[in-house]
Amino acid sequence: MPSTRLVTLLGAVVRQQRQRRELSQRQLAGLAEVSQAAVARIERGERAPSIPVLERLCAAMDVQLVVGVEPLDAHLDARIDELAARPIAQRVDDLGLDQMMDALKDFPQVLIGGTAALLQGAPVPVDAVEIALRWEDSKRFTAWLEANYGQRWNARWEEFGGVWLEPEEPGEHRWSTLYGEIRATMCDELPETIQVRHGGRDYRVVPLVELELTDSRAADLLRRYRARHRAVES
């Protein structure tokens with residue numbers, strides 16, 4: 001059964017509540033009278049728990065499930081509103097962008113995606129530094145990852161680690177590092193950029209108009225932000 005946002009959220013809630021009570025999956029399974037394998041699949045978002053099973057899991061952790069409804073993607077609208085109220089400098093600091101840029105200075109790269117949009121004033125959610133890298137620099141990038149405790153995203157297990165670091169190997173171009181998470185787009189030539197300046201520092205970024213043509217995720221967030229902004233003004 002393919003995972004849905006609700007199944008993923010339920011799994012995350014079960015995992016968070018279990019860890020908060022310092023229970024192992026086996027211990028929770030015993031208390032709720034289900035198998036440890038079932039708990040593991042629920043937490044990974046691979047299985048939608050039945051209502052009776054979910055109630056037993058909650059009861060075993062002395063909590064109860066509260067059901068409610070909200071407009072579709074209201075959580076994303078709330079996040080955009082929150083980000084719009086925060087200075088860009090603070091969001092740059094929260095992302096650890098300057099430390100990452102200092103660490104990556106030994107080979108060419110440019111900022112793309114949500115990171116580029118952030119630096120151009122768009123309050124879109126950004127949870128990783130997004131860069132474009134040339135294929136010809138991939139070996140240098142791999143060496144950098146090895147030196148900075150890099151782990152590549154393992155889509156099968158939905159966690160970092162257990163797969164080859166090299167960009168040439170199959171898999172998402174997404175890594176955790178000593179300086180935070182990186183998401184890379186590998187290309188033959190770096191895209192055209194503009195220069196923006198914040199806090200006395202210059203950044204090379206792909207302009208917003210280009211992002212909306214080439215990056216579907218960034219484009220969706222930008223359109224959502226503009227629609228949200230117009231709705232607030234009207």
ask   = Which residues, taken from segment 114-157, are farther than 30 Å from Glu82 by Cα, of a type in the set (Ser, Thr, Tyr) and touching a strand residue (DSSP E or B) at 6+ places or on another chain (Cβ under 9 Å)?
value = Ser138, Tyr149
message = Looking only at residues that are outside any strand (DSSP E or B) and among the charged types (D, E, K, R) in segment 204-224, which one is modelled with the lowest pLDDT?
response = Arg217
key: Subset of segment 96-122 (residues that are among the hydrophobic types (A, V, I, L, M, F, W, C), touching a residue at least 40 places away in the same chain (Cβ under 8 Å) and either closer than 17 Å to Arg217 by Cα or surrounded by 24 or more Cβ atoms within 10 Å (Cβ to Cβ) (or both))   = Leu111, Ile112, Ala116, Ala117, Leu119, Ala122
query = Out of all the residues in segment 34-48, is one or more surrounded by fewer than 15 Cβ atoms within 10 Å (Cβ to Cβ), within 17 Å of Val63 (Cα to Cα) and of a type in the set (A, V, I, L, M, F, W, C)?
reply = no
task = Any chance you could count how many residues in segment 28-67 are closer than 25 Å to Arg156 by Cα, outside any helix (DSSP H, G or I) and either in the same structural domain as Arg156 (by TED's automatic domain parsing) or not polar (S, T, N, Q) (or both)?
result = 7
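Each row is one residue, and each column tells you yes or no for (1) modelled with pLDDT under 95; (2) within 18 Å of Gly180 (Cβ to Cβ); (3) of a type in the set (A, V, I, L, M).
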residue	(1), (2), (3)
Ala85	yes, no, yes
Ala89	yes, yes, yes
Asp94	yes, yes, no
Met101	no, yes, yes
Leu104	no, yes, yes
Gly114	yes, yes, no
Gln120	yes, no, no
request  = Among what's in segment 68-78 and is in a loop (DSSP other than H, G, I, E, B) and among the hydrophobic types (A, V, I, L, M, F, W, C), pick the residue that is modelled with the lowest pLDDT.
outcome  = Leu72
ask   = Given Leu10, Leu6, which one is loosely packed, with under 14 Cβ neighbours inside 10 Å, modelled with pLDDT under 90 and outside any loop (DSSP other than H, G, I, E, B)?
value = Leu6
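Results for (1) at negative phi; (2) touching a Gly at 6+ places or on another chain (Cβ under 9 Å); (3) modelled with pLDDT of 95 or more; (4) of a type in the set (A, V, I, L, M, F, W, C), shown as yes or no for each residue.
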{"site": "Glu158", "(1), (2), (3), (4)": "no, yes, no, no"}
{"site": "Glu168", "(1), (2), (3), (4)": "yes, no, yes, no"}
{"site": "Arg174", "(1), (2), (3), (4)": "yes, no, yes, no"}
{"site": "Arg226", "(1), (2), (3), (4)": "yes, no, no, no"}
{"site": "His229", "(1), (2), (3), (4)": "yes, no, no, no"}
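The values are calculated or read from the model by the stated rules, or taken from the named source; none is laboratory data. Quick caveat: nothing in here was measured; it's all calculated off a predicted structure. As a convention, Cβ positions derive from the backbone with ideal geometry for all residues, glycine included, and neighbour counts pool all protein chains shown.
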